[in-house]
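Heads up, the thing below is written out as structure tokens.
Laboratory data are not the source of any read-out in this text; all were calculated from the coordinates shown. Computed from a predicted model, the values in this text were never measured in an experiment. So basically every Cβ, Gly included, is an ideal-geometry build from the backbone, and we count neighbours across all protein chains shown.
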Amino acid sequence: MSKDERALGFATIAIHGKRRLHKDEPGPPVRSVSVPIYQSSTFVFESAEQGARIFAGEEEGYVYTRIGNPTQERLEIEMAFLEGAEAGLAFASGMAAISAIVFALCRSGDNLVASETIYGGTHKLFRQTLSPLAIEARELDATRLDCLERAIDSRTRLVYIETPANPTLQILDIEACAGIAHRHGLPLVVDNTFLTPYLQNPIHLGADVVVHSATKYIGGHGDTVAGVLVGKKDFVGRVRAEILRDLGGIVSPFNAWLLLRGLKTLPVRMAKHCENASEVAQFLAFHPKVSAVHYPGLRTHPQHELGLRQQRGPGGMIAFELAGGREAGRVLMNSVELWTLAVSLGDVDSLIEHPATMTHSTYSESELASAGIPPGMVRLSVGLEDVDDLVYDLKQALGRIRT
Ligand code: LCS
């Protein structure tokens, strides 16, 4: 690259990619502007000798799509570039990426320390699926840094946080958590799904591994399930060789291509998600039937200042509570006409869901209470429709709740 890449803005980098900014990056053979979809399960060897050399690791080359594919690889390089990491690895889902990290770092008898308010699927992996393998997940309130540090012992292998947290939008101090993890020689893993590299770069704040459910804002259109992790070259290489290759949860070339396309509009989409969500949060904050609004952009958010420091925007997710509790939430979700009643998030379509009985139904009642997820909490993923229409629909649905 002739120009200093730091001088270029995020949108320029997201659209052109490392592929077109770095002269030494190989382009597609026919110089297409769009990255080709290499929809091929296997790759031709030039000779039996070359095949043997590639298998022996003496020569580089594509062999088989479970081991590597040019479209997947392009996504991995671009995600690492946008996150400021050395390398990336793409997976069939966010859960495939998260479980790969755990399996790469933990053996039987080991433990991991995690924030307690996380996506319900991650919580299930940590607390239920890992349990028969004798890997213990110690989930705790990671806003209390003293608790986080006390939970670490000689068998701890990683510290895992999600910030902002699904579904409460609680914000954790990435730099402080990294400081504690590093004091104990442990990697800090951050789930950056809610913000994407456009709004937050955990690597710049000391995180060692960043993971995404790329199903969400990276894809952005509700049509793809995928995951990505980024981190140091050695670690990423080890996860590729020891976990992904054997467990096999790779992203398909077509889904990798959809995510590459998603990256090009990520900056404009994220900016608009923030703008729309800020207006919806303001509307809810002043509505008499709403008892609490959890949105990092509101001054009432308990970690508003921390959010301003470590995030470049408040994001598109909102959680709120209704004065009428769970019954009021049920009426609201059945009364909206424009908002789509569905889990997932980060789509162009606005989505509404009920964490306690849907995304976080893997939490017990006491775990929900401890994680700050009351039965009456409703979660919004604010999409890219005209915000007046979104507010109008919420207003009419709130009007159907009997007080
Ligand atoms: N991390 C976060 C923060 C998530 O929200 C999700 C999925 C995952 C990881 C797992 O990614 P996946 O395997 O689904 O690609 N969150 C969902 C949600 O809130 N509703 O449906 C899925």
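Using Cα pairs closer than 8 Å and at least 6 residues apart in sequence, work out the relative contact order for the chain, in percent.
Details: 774 pairs, mean separation 68.1, N = 403.
Answer for the chain is 17 percent.
Distance from the C-alpha centroid of region 250-283 to that of region 160-210: 20 Å, rounded to the whole angstrom. Shape analysis of the chain yields a ratio of the Cα radius of gyration to the Kirkwood radius, Rg/Rh, of 0.98.
Cross-link partners of Lys124 among aspartates and glutamates, defined as those whose alpha carbon lies under 13 angstrom from its own and excluding same-chain residues fewer than eight positions apart: Glu116, Glu136, Glu139, Glu367. Please go through the residue pairs Lys23/Lys233; Lys23/Lys272; Lys233/Lys264; Lys232/Lys272 and name each one whose alpha carbons sit more than 29 Å apart in this structure. As for pairs spanning more than 29 Å Cα to Cα, those are Lys23/Lys272; Lys232/Lys272.
At 222 nm, what value in deg cm²/dmol follows for the chain if DSSP H runs of at least 4 each add -39500 (n - 2.57) and the sum is divided by all its residues, to the nearest 500? Calculated from helices alone, the mean residue ellipticity at 222 nm is -11000 deg cm²/dmol. Residue exposure proxy: Thr168, Thr340, ordered by other Cβ atoms within 10 angstrom of their Cβ from fewest to most, comes out as Thr340, Thr168. For region 252-269, the Karplus equation 6.51 cos²θ - 1.76 cosθ + 1.60, evaluated at θ = phi - 60°, returns couplings of 6, x, 5, 5, 4, 5, 4, 6, 4, 5, x, 4, 5, 9, 3, x, 5, 5 Hz by residue, with Gly and Pro reported as x.
Relative to the longest principal Cα axis of the chain, at what angle does helix 10-21 sit, 0 to 90 degrees, rounded to 10? The helix 10-21 is inclined about 10 degrees to the chain. Exposed loop sites here mean GluC sites (Glu not before Pro) with a DSSP loop assignment and at most 11 other beta-carbon atoms within 10 Å; the chain contains its longest site-free run at 61-336.
From the largest down, region 65-153 spans 43, 29, 23 angstrom on the principal axes of its Cα atoms. Relative to the longest principal axis of the Cα atoms of the chain, helix 94-105 runs at roughly 60 degrees. Under conditions of 20 °C and 1.002 mPa s, region 266-398 yields 143 µm² s⁻¹ as its translational diffusion coefficient, taking Rh as the Kirkwood radius over Cα pairs in the Stokes-Einstein equation.
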